[in-house]
Each structure stands twice: as C-alpha cells, then as structure tokens.
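Down below is the structure, laid out as structure tokens.
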Amino acid sequence: MTEMEKDDVPEGSFELDPASLPTYQLGVSASSIDQRAITNLMDSVNSAENWVALVPYQVHEPEFYKFADERSPEKFQIGQYWAIYSDEDALPQNYGKIKKIDLLPEFVLHVAWFYTCPLPKSTIQWHDKTMPIGCGLFKFRNSKLYKYTATNNFSHVVAVEPLKKGVYKIYPRTSNNLEDFEYEIVEIVDVSDNYVDVQFLALVKGFNSVYMTRVEEEEDDKVVKICVSEHLRFSHQIPAFRLTEERGGSSRGFWELDLAGMPLYLLCID
C-alpha cells in the first residue's frame, strides 16, 4: 500500500471490496446497473450436468486492495475450502473443497460441494425454509466433483471453524421475505459460547467501498450481542482488508470491502 489515500478519510475506517457491497452504497445509478453485463459461467464452468452459476456483477474496482489477485489460479491449492458465488443472488454463500487441480492441457479445478446439515433444535429458523444458509454446519453429500476452468466463480478461502472475526453481511430480525431484506454490514469483534459480538459498519463518505464503525447518536456501547441461536442471521463473510497507512494513515482501522460479496441493491445509489 502507498500513501495515496484521501486526506479527509476518517481515522479507523475500512475499505471494502466493491464487488461484495450492496448497490445503494456505491454511487451507481439504477439505470447503469441494468445495463451492466452479467456474465454467465456457461463458458467457464463445466460439469457432467452442465451446472452453471452466475459470476458476480461487474462493479467498481477496489480503491486500495486488489481482491481479485487473491483468486488468481496460482492461489488455489488442493485441500483448500473456498466460498463460491451462488447462482441465486451472486453472493458467496456456497462452499467447496479443492480436490484436484489440472494444469495441462488446460487449467481445471475439481471441486467437491458442501451442503447444509440439519439445523440444531435451538436454532431460531426462518419461516421461509428456502432462505439460503451461508453460516452453519456443512457436509459432503456425495463424492461428485464439479469442474471449473476459470476462477471467477470463487470468492475467498474460508476456514472450517465457527464464526470468526471479520466482516459479514447479516439479515434483520424482522423480515422473512428475502426480497424485503435491508441487509446490514457488521464486523465480528468477539465470539463466545453464547453470543457473537458485532459492530455495525457504515460507508465512509466519498468512497465506494471503505467502511468504518457506525457511530449512532446517544449510543454509548457500539457492540451489539447476537445470540448464537440466531446464527442464520449471518448471511456470509465479505472479503475485507484493514487499512493502516493508506491516505497517510488517516484511514487507519477502516475496512475496504470486496464489493463482489455485497448485495446488488447496496451497490446502486443515484
């Protein structure tokens, strides 16, 4: 990183990867979103059943960190677990394990998919049973491998462990209709046996993908506790890079988010 950030970036901000962010926060008009090319993986994902998923929408390039470099072919290794963009909403809510990599005559990833396990009885569930589950327990259902000849369907490497610190998208408590959701972006700051402590993030003015801890008036404690029984509220992890010396240090502590992991509506603001 270099000292090229804006001088007016508040200290403690984060830059987010624009590809992972909701559209209304990106300064992109709705009309321009409609005209953006949505690439289909038909030409890059091959399987016995011609399974196809959507690549994330084309969005602004990140301002500080090149998230795309983290999913270049040389980054993939056998045994890694990767988040994969969903064909339903183009968010990284699916998961797979790299089982084999072919380099010649062409680059091919052989991936085993994970599927969700039955939910514990203590879990507070959605009324809509078709709601996607991005955080929880997963398992292999069969030995079938899917073949990918490109890496643009993959978001980031994931750790096979309970929720860990990082930036996540969460659902509100009140709605059960996926189309009505207004998502929140949070940073997990602590995890215990009973609660996940989070801080809500807000877009930093003048940026497309930089987020900082949201400061509410009359709010003494910025940390909100979410009961582990509500873990379905966590949609998925968003790749994020913690800023330090960018903009001469004025952005220290902020996050830059990967906008490819963000809901489309957060990316489109007139």
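Within region 90-110, can you find the residues that are of a type outside the set (A, V, I, L, M, F, W, C), within 12 Å of the chain's Cα centre (by Cα) and assigned to a loop (DSSP other than H, G, I, E, B)?
The answer is Pro92, Gln93.
Out of region 126-139, which residues are of a type outside the set (Gly, Ala, Ser), touching a residue at least 40 places away in the same chain (Cβ under 8 Å) and surrounded by 13 or more Cβ atoms within 10 Å (Cβ to Cβ)?
Result: Trp126, Met131, Pro132, Ile133, Cys135, Phe138.
Step by step: first the residues of region 178-187, then only those that are assigned to a loop (DSSP other than H, G, I, E, B) and closer than 15 Å to Leu232 by Cβ, then the one that is modelled with the highest pLDDT. Which residue is that? Steps first, please.
Taking region 178-187 and keeping what is assigned to a loop (DSSP other than H, G, I, E, B), we get 181-183.
Narrowing further to those that are closer than 15 Å to Leu232 by Cβ: 181, 183.
Working: Phe181: 57, Tyr183: 78.
For region 178-187, the residue satisfying everything is Tyr183.
Across region 188-203, what is the number of residues that are among the polar types (S, T, N, Q) and at pLDDT below 90?
2
Could you tell me which of the residues Ala48, Ala53 is out of contact with any strand residue (DSSP E or B) (no Cβ under 8 Å at 6 or more places or on another chain), of a type in the set (A, V, I, L, M) and at pLDDT below 50? I'd like the intermediate steps shown before the answer.
Working: Ala53 fails: out of contact with any strand residue (DSSP E or B) (no Cβ under 8 Å at 6 or more places or on another chain).
Result: Ala48 is the single residue among Ala48, Ala53 that is out of contact with any strand residue (DSSP E or B) (no Cβ under 8 Å at 6 or more places or on another chain), of a type in the set (A, V, I, L, M) and at pLDDT below 50.
I'm told Asp128 meets every condition in (1) part of a strand (DSSP E or B); (2) modelled with pLDDT under 90; (3) farther than 25 Å from Leu259 by Cα; (4) among the charged types (D, E, K, R) except one. Can you identify the failing condition by its number?
Of everything listed in (1) part of a strand (DSSP E or B); (2) modelled with pLDDT under 90; (3) farther than 25 Å from Leu259 by Cα; (4) among the charged types (D, E, K, R), Asp128 misses just condition (1).
The values are calculated or read from the model by the stated rules, or taken from the named source; none is laboratory data. Here the structure is a predicted model, which is why all the values come from computation and not from measurement. Here the Cβ is made from the backbone with ideal geometry for all residues, glycine too, and neighbour counts use every protein chain on show.
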